[in-house]
Amino acid sequence: MTDKLILVSHPLCPYVQRAAISLTEKGVPFERIDIDLADKPDWFKAISPLGKVPLLRVQRNGDETTIFESAVILEFLEETQANPLHPADPYARARHRAWIEYGSAILNAIGRLYSAPTEAGFLAESRALTGMFDRLEAELADDALRSGPWFAGDRFSLVDAVHGPVFRYLDAFDRIGDFSILDGKPRVQAWRQALNDRPSIRHAVAPDYPQRLHAFLQAKGSFLSSLIRRNDPATALRQALPA
């Protein structure tokens with residue numbers, strides 16, 4: 001009997017997107033259920049030890065197993081589903097796993113950037129994030145075997161699946177201002193474009209994702225939020241009107 005897979009999700013979560021991309025690349029059918037993390041349903045609390053998404057609910061032969069944490073979900077899918085996204089060579093596989101962790105570190109840095117309360121803090125986080133992409137640019141340049149658009153060349157891998165959601169944030173930042181985070185990084189820029197064009201990555205979010213993310217960033221009460229309000233014509237008009 002084929003397992004039924006249910007991906008418990010939030011519309012903005014980049015870690016959920018990783019799992020959705022992997023499932024799509026493997027051609028595995030799955031159901032996706034979004035929840036409100038600000039008002040978690042009781043059934044979710046009962047099965048999520050950490051109270052986070054993603055969760056993968058695996059229904060098999062009348063039993064259900066819940067798998068949590070995106071890295072564990074990705075590895076489970078590699079072990080149980082066809083069309084592997086990890087390289088077969090154990091040395092290459094270890095390298096890929098390390099760069100998946102690096103993708104998580106970039107997401108943490110992005111979170112610090114959009115949460116920074118002051119301009120000075122924002123600029124410091126922007127420099128740190130730029131440095132992380134400098135390191136990624138160097139890694140792409142050092143890989144003499146790369147002959148295609150993906151991290152491993154012509155073969156899409158889990159490293160690509162992990163970094164696709166990373167670049168969505170840069171798309172959102174580009175709509176707010178020019179922060180020059182990827183300036184002078186042609187290899188990262190080319191990789192970003194290839195990932196943005198990949199159907200599994202495009203379809204890992206709903207059509208209204210850009211609007212949802214913009215609203216989330218605007219509501220943070222951070223320095224970036226103030227830039228959004230400054231660039232919003234409706235907000236600028238309200239601020240210019242006499243009291």
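The values are calculated or read from the model by the stated rules, or taken from the named source; none is laboratory data. Fair warning: this is a prediction, and the values are worked out from it, not measured in the lab. Backbone-built Cβ (ideal geometry, glycine too); neighbour counts: all protein chains shown. SASA here: full protein model, heavy atoms, side chains in, ligands and nucleic acids out. Shrake-Rupley method; radii C 1.70, N 1.55, O 1.52, S 1.80 Å.
Quick grid of which residues meet (1) β-branched (Val, Ile, Thr); (2) under 22 Å from the mean Cα position of the chain (by Cα); (3) open to solvent by less than 20 Å² (accessible area, probe 1.4 Å):
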site	(1), (2), (3)
6	yes, yes, yes
14	no, yes, yes
21	yes, yes, yes
27	no, yes, no
30	no, yes, no
35	yes, yes, yes
46	no, no, no
55	no, yes, yes
72	yes, yes, no
Is there a residue in the stretch 151-158 that is out of contact with any strand residue (DSSP E or B) (no Cβ under 7 Å at 6 or more places or on another chain), under 20 Å from residue 133 (Cα atoms), open to solvent by less than 10 Å² (accessible area, probe 1.4 Å) and in contact (Cβ under 8 Å) with a residue 24 or more places away in the chain? yes
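Just to verify a result, which residue in the stretch 141-158, among those that are aliphatic (A, V, I, L, M) and assigned to a helix (DSSP H, G or I), is modelled with the highest pLDDT? Spell out how you get there, then give the answer.
Let us first name the residues in the stretch 141-158 that are aliphatic (A, V, I, L, M), namely 141, 144-145, 152, 158.
Of the ones still in play, those that are also assigned to a helix (DSSP H, G or I) are 141, 158.
Numbers: 141: 89, 158: 98.
Across the stretch 141-158, the extreme among qualifying residues is 158.
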Filtering the stretch 176-209 down to residues that are surrounded by fewer than 17 Cβ atoms within 10 Å (Cβ to Cβ) and polar (S, T, N, Q), which residue is nearest to the chain's Cα centre (by Cα)? 196
Neighbours by Cβ (under 8 Å, 6+ apart or cross-chain): first from the stretch 21-42, closer than 12 Å to residue 53 by Cα and touching a residue at least 24 places away in the same chain (Cβ under 8 Å); second of a type outside the set (Asp, Glu) and assigned to a helix (DSSP H, G or I): 32/20; 35/44
Residue list for the stretch 164-175, filter: part of a helix (DSSP H, G or I) and either open to solvent by 10 Å² or more (accessible area, probe 1.4 Å) or at pLDDT below 95 (or both): 168, 169, 171, 174
Restricting attention to the stretch 57-70, which residues are touching a residue at least 12 places away in the same chain (Cβ under 8 Å) and open to solvent by 80 Å² or more (accessible area, probe 1.4 Å)? 60, 61
Looking only at the stretch 88-122, filter to residues that are aliphatic (A, V, I, L, M) and in contact with a Phe, Trp or Tyr (Cβ under 6 Å, 6 or more places away or on another chain); which one of those is surrounded by the most Cβ atoms within 10 Å (Cβ to Cβ)? 110
Out of 161, 138, 194, 215, which single residue is in a helix (DSSP H, G or I), over 29 Å from residue 9 (Cα atoms) and of a type in the set (Gly, Ala, Ser)? 138
Positions within the stretch 123-133 being within 21 Å of the chain's Cα centre (by Cα), over 22 Å from residue 158 (Cα atoms) and open to solvent by less than 70 Å² (accessible area, probe 1.4 Å), in sequence order: 125, 126, 128, 130, 131
